[in-house]
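Here the structure is laid out as structure tokens; the discussion comes afterwards.
The values are calculated or read from the model by the stated rules, or taken from the named source; none is laboratory data. Values in this document were obtained by computation on a predicted structure and should not be read as measured data. With ideal geometry, Cβ positions are generated from the backbone for all residues, glycine too; neighbour counts draw on all protein chains shown.
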């Protein structure tokens, strides 16, 4: 189900930053031979790039929404990894992006529910 | 909680445990806290994985639920709503509901943490109206994504809107899933200040999906287990509630009792 969403500037920035992290993670995973996960991360990054490229208004389908959610979950791992005495500012930074990605997911779900009627 | 056995090794045993509890307490309700059929909550996943375990008629007939993020991996979570039906799950358009529990004298709320829930959302407007009109004072609320958690996913800020309303209405209990462990919090205010008359939150993500470990220490967490599948048995009375977290070997790992909130009475 394709839903037209209006993204706030914060959400667009979060998508852009998440895509950058996922591309880097994908490259690292490819380098260590973890192919399937590398391809999945690259795919999520492509979806986020497309959302960012659409600007304020974008069309998201169900698979794209799952990609955004998966991106958020992977960022949770990055957040947790950075959550130590030396790097916790980075962890907080990633957490804010996770929340913005979740906002996009929740808005998609709500709109899809309405449209299902 | 249910899915291919390799990634959901506990579903059969927790369903059997629920059946044993239900035999002893035939009037008991089962509250399913979302993500019931992995990985995408599709019709065939409900049929192949939920139905043989938690979806057997004796359990399903006593089940009420709230949707999880994996249920929403199908468009509008339609299979979830169709599987459980409007009385026990709501509809894609109105995916939250309440239920009086006359025998216990409690009010049950099932909320949806996977859609808009902020101040101007339809869901929060409904919640305010429902709380104002309820018949019974003590409130138990269920939704999927916990506000606080020491395991996978950690905290989620969004449900603070629910907590604000429930705290103002002198709510008692919040039951969540999402993270695959068990955790009990001390009663606290929505801003995480400990308060004996605040809301007590449980995370009960131990229904079958592979368990996950601790990722942090969360303030006011009183007890957590990351290594046991099990169910939370709640006994609700008009004046008090009792909790028992029971593992699949019938051992009670965490138990306690508390009088209901007397705030403002």
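Annotations for the structure displayed:
- Out of A:73, A:93, sole residue that is more than 14 Å from chain B (Cβ to nearest Cβ), closer than 21 Å to residue B:158 by Cβ and part of a helix (DSSP H, G or I): A:93
- Considering the stretch A:100-115, the residues that are in contact (Cβ under 8 Å) with a residue 60 or more places away in the chain and crowded, with 16+ Cβ neighbours inside 10 Å include one that is nearest to the other protein chains (Cβ to nearest Cβ), namely A:112.
- Residue A:79 meets all of the listed conditions (1) within 23 Å of residue B:112 (Cα to Cα); (2) within 14 Å of another protein chain (Cβ to nearest Cβ); (3) touching a helix residue (DSSP H, G or I) at 6+ places or on another chain (Cβ under 8 Å); (4) surrounded by 15 or more Cβ atoms within 10 Å (Cβ to Cβ) but one, namely (1).
- For the stretch B:1-21, a tally of residues being closer than 17 Å to residue B:33 by Cβ and crowded, with 17+ Cβ neighbours inside 10 Å returns 10.
Every residue, every condition in (1) in contact with a strand residue (DSSP E or B) (Cβ under 8 Å, 6 or more places away or on another chain); (2) within 22 Å of residue B:116 (Cα to Cα), yes or no:
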{"position": "A:12", "(1), (2)": "no, yes"}
{"position": "A:31", "(1), (2)": "no, no"}
{"position": "A:58", "(1), (2)": "yes, yes"}
{"position": "A:72", "(1), (2)": "no, yes"}
{"position": "A:98", "(1), (2)": "no, yes"}
{"position": "A:105", "(1), (2)": "no, yes"}
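- Wholly within the stretch B:30-102, strands (runs of 3 or more DSSP E) carrying at least 2 residues that are within 14 Å of chain A (Cβ to nearest Cβ) and buried (at least 24 other Cβ atoms within 10 Å of the Cβ): none
- Flag for residue A:57 being away from chain B (no Cβ under 14 Å) and surrounded by 15 or more Cβ atoms within 10 Å (Cβ to Cβ): no
- Residue match in the stretch A:78-91 (condition: in contact (Cβ under 8 Å) with a residue 40 or more places away in the chain and within 29 Å of residue B:218 (Cβ to Cβ)): yes
- Selection status of residue A:49, at pLDDT below 95, surrounded by 15 or more Cβ atoms within 10 Å (Cβ to Cβ) and farther than 25 Å from residue B:71 by Cα: no
- If only residues of the stretch B:103-117 that are in a loop (DSSP other than H, G, I, E, B) and under 14 Å from the mean Cα position of the chain (by Cα) are counted, the one that is nearest to the other protein chains (Cβ to nearest Cβ) is B:114.
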